[in-house]
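Inspection log for the structure reproduced underneath, given as structure tokens.
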Amino acid sequence: MMGRMNEHKKSLRIRDIFQLEPKNQEVPVQGWIRTRRESKQNIFFEINDGSTLKGIQVVVDKENYGDLSSLESANNGAAVEVQGTLVASPGKNQRSELLAKPEGIHVVGDSPQENYPLQKKRHSFEFLREIAHLRPRTNTLGAVSRVRNTMSFAIHRFFQERGFQYIHTPIITASDAEGAGEMFQVTTLPISDLAKSGKSPDYQQDFFGRPSFLTVSGQLEAEIYALSMKNVYTFGPTFRAENSNTSRHLAEFWMIEPEMAFCDIDCNMDVAEDFIKFILKTTLEEREEDMNFFNQWIEKGILDSLQRVSESTFHRITYTEAIKALEDSGAKFDYPVSWGMDLQSEHEKYLTEVVYKGPVMVTDYPKEIKAFYMKLNDDEKTVGALDVLVPRLGEIIGGSQREHRKDVLIRRIQEMDLDPEDYWWYIDLRTYGTVPHSGFGLGFERVIQYVTGMQNIRDVIPFPRTVNSAEF
Ligand code: ATP
Ligand code: MN
């Protein structure tokens, strides 16, 4: 058994085997059985190792295999090592297949057929979430996982190739970047004792000597590094105690946040546009098989739609122009349109799908509906906010040029009823070598939903955390 495990070094991933010219060469494979079929002469297995959507077919010639009883436990879900020879496949679905050598299949871990939860039928995504320890073995979750991996790497590549430094911003923080609540508190105070005693907590006794929370954004800290390294980005976990049960909100999700110094709102738009196009192109190129799967089974037409976005020039309009376009359209919305309101999903989709028929970047929103740190425009009414809207999804990126003028920043913090004391270091950064700078945030799971067409955000992250749900 130990000896056989050494095959790990020699065994090939199925993705690589499919690249080989089949000429009876010996090929070892390790993986899990997806399906088992039997005919008079043969047993057929489909083996998958997660490197491809479609597994490799392994064919057993019953007459010449030898002891067939060793294959009794080779059922769906079992882990196997196979010694076989690679031949051209007579079937039209695959180029090559493996002929098992006599007694060449070793069941490393069996899988009782009666109760293996993944039967050969379509399971609902709700059901699969209850068996998250097995769901990556399904076609859809496997494909999502590979796309997620490719996109992570593409994101790093985009920034690394352009000289951005990857910054690890803290997960525990004492500041609320959005000033919007929805934070998870982190504490070592004895909560149940406190509850019994009825006393209010003394935060000086807490671990950090003050209330602290899981981060909702790495932006403020990324700004610190941008003001010394020019171009930086974060890519890490983010937490929001979202009490809403929607198909687009998680309590724990991953966010990408670039931050650029000497960069105004136009520069911000240039980077955002290049960035979206780059990750779409890369995913379409590198995950062709998986993307075809999503196009066929999850969201028809998604390939065309992504291709078009990746090749289009993004429209650039102001919020004021967006409101005018919505008003002039005469269309009926659930939320009536007027200057000063926040754009709802229905408006965003209408702009990108009907009015502009492509990606739209909207800037200069009313200051009342945006965060304190966005740069106040000369009109004193709007701020240098930037939202990027795409068809099917609406907002994919939210960002802004940051307020770099110390006096204006303090004024804005006060106007928003926040305490400048809480942001002393953020303000201090504007004392020493302040400079126009910009950045944006992109929810990673939202982009994966956009690229795969998956309806529920719980199915594009390996282990979703939502209200009342933190299993696995
Ligand atoms: P929404 O209006 O959808 O709740 P938001 O305005 O709260 O989004 P931001 O605070 O701008 O979002 O956060 C930046 C990005 O993080 C969003 O554009 C979105 O892609 C993503 N995001 C925000 N909240 C969540 C969440 N709970 N789960 C997953 N992604 C999220
Ligand atoms: Mn939100």
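The values are calculated or read from the model by the stated rules, or taken from the named source; none is laboratory data. Since the structure is predicted, the reported quantities are computational estimates derived from the model, not experimental observations. Virtual Cβ from ideal backbone geometry, glycine too; neighbours counted across all protein chains shown. To get the accessible areas, we keep the full protein, side chains included, count just its heavy atoms, and leave off ligands, DNA and RNA. Shrake-Rupley method; radii C 1.70, N 1.55, O 1.52, S 1.80 Å.
By Kyte-Doolittle mean hydropathy of at least 0.0 and Cα axial length of at least 27 Å, which whole DSSP H helices of the chain are selected?
265-286
Return the subset of 277/370; 324/357; 54/92; 300/332; 349/375 for which the Cα-Cα distance in this structure is over 19 Å, preserving the input order.
Pairs exceeding the cut-off: 277/370; 300/332; 349/375.
Could you tell me what percent of the accessible area of the range 10-128 is made up of carbon and sulfur, with a 1.4 Å probe and every protein chain present?
Ligands and nucleic acids excluded, carbon and sulfur reach 49 percent.
Can you give me the Cα centroid spacing of the range 379-420 and the range 12-64 in angstrom?
Taking the Cα centre of the range 12-64 as reference, the centre of the range 379-420 is 55 Å away.
Relative contact order (percent) for the chain, with alpha-carbon contacts under 8 angstrom and 6 or more residues of separation?
It comes to 13 percent, rounded to a whole number.
At 7 Å along Cα-to-Cβ for each site, give me the label-to-label distance between residue 13 and residue 26 in nm.
Computed distance between label sites residue 13 and residue 26 equals 2.5 nm.
Hey, any idea what % of the range 209-330's accessible area is carbon plus sulfur with a 1.4 Å probe?
49 percent
So between residue 465 and residue 95, what do we pick up on full extension, going 0.36 nm a residue minus the alpha carbon distance?
Value of the extension gain: 129.1 nm.
Place a point 7 Å from Cα of residue 70 in the direction of its Cβ. Which residues in the range 87-122 have their backbone N less than 12 Å from it?
Residues passing the 12 Å test: 101-108.
Using packing as a proxy for protection, rank 64-74, 397-407 so that the peptide with the highest average count of other Cβ atoms within 10 Å comes first.
Ranked by mean Cβ neighbours within 10 Å, highest first: 397-407, 64-74.
Using alpha carbons only, how many angstrom separate the centre of the range 319-342 from the centre of the range 444-465?
30 Å
When the convex hull of the C-alpha atoms of the chain is computed, what volume per residue in Å³ does it have?
Spread over its residues, the Cα hull of the chain gives 203 Å³ apiece.
State the Cα centre-to-centre distance between the range 71-143 and the range 265-280 in whole Å.
If we compute the Cα centre of each part, the gap is 41 Å.
Which length gain, in nm to one decimal place, applies between residue 228 and residue 132 when the Cα-Cα distance is subtracted from 0.36 nm times their residue separation?
Gain on extension, residue 228 to residue 132, equals 30.3 nm.
With the contact rule set at Cα under 8 Å and sequence spacing of 6 or more, what percent relative contact order holds for the range 51-106?
For the range 51-106, the relative contact order is 45 percent.
Excluding residues on the same chain fewer than 8 positions from residue 62, give the lysines whose Cα lies under 19 Å from its Cα.
Answer for residue 62, where 19 Å is the Cα cut-off: 40, 101, listed by chain and number.
Using a Förster distance of 56 Å, how high is the FRET efficiency between residue 42 and residue 410, based on the Cβ-Cβ distance and rounded to 0.05?
That gives a FRET efficiency of 0.10.
Pairs of alpha-carbon atoms within less than 8 angstrom and 6+ residues apart define the contacts here; what relative contact order does the range 167-268 have, in percent?
With pairs under 8 Å counted, the relative contact order is 30 percent.
Please find the FRET efficiency linking residue 286 to residue 88, where r is the Cβ-Cβ separation and R0 is fixed at 30 Å, and quote it to the nearest 0.05.
0.70
In the range 392-472, carbon and sulfur make up what percent of the accessible area (probe 1.4 Å)?
50 percent
By per-residue mean of other Cβ atoms within 10 Å, what is the highest-first order of 421-433, 232-244?
232-244, 421-433
Just to confirm, what accessible area per residue do you get for the chain at 1.4 Å probe, in whole Å²?
I get 49 Å² per residue for this part.
Can you tell which of 423, 438, 452 lies farthest toward the positive end of the dipole of the range 420-462, using +1 and -1 charges on the Cβ of basic and acidic side chains (Lys, Arg; Asp, Glu)?
Positive-most Cα among the choices belongs to 452.
Taking 0.36 nm per residue of separation and subtracting the Cα-Cα distance, what length does fully extending residue 313 through residue 168 add?
Taking 0.36 nm per residue and subtracting the Cα distance, the gain is 49.0 nm.
Could you list which residues have their amide H under 5 Å from that of residue 252, counting only those 5 or more apart in sequence or on another chain, with H placed in the peptide plane?
Placed amide hydrogens put 240, 465 under 5 Å from residue 252.
Above 24 angstrom, tally the Cα pairs of the range 330-431 and express them as a % of all pairs, no decimals.
33 percent
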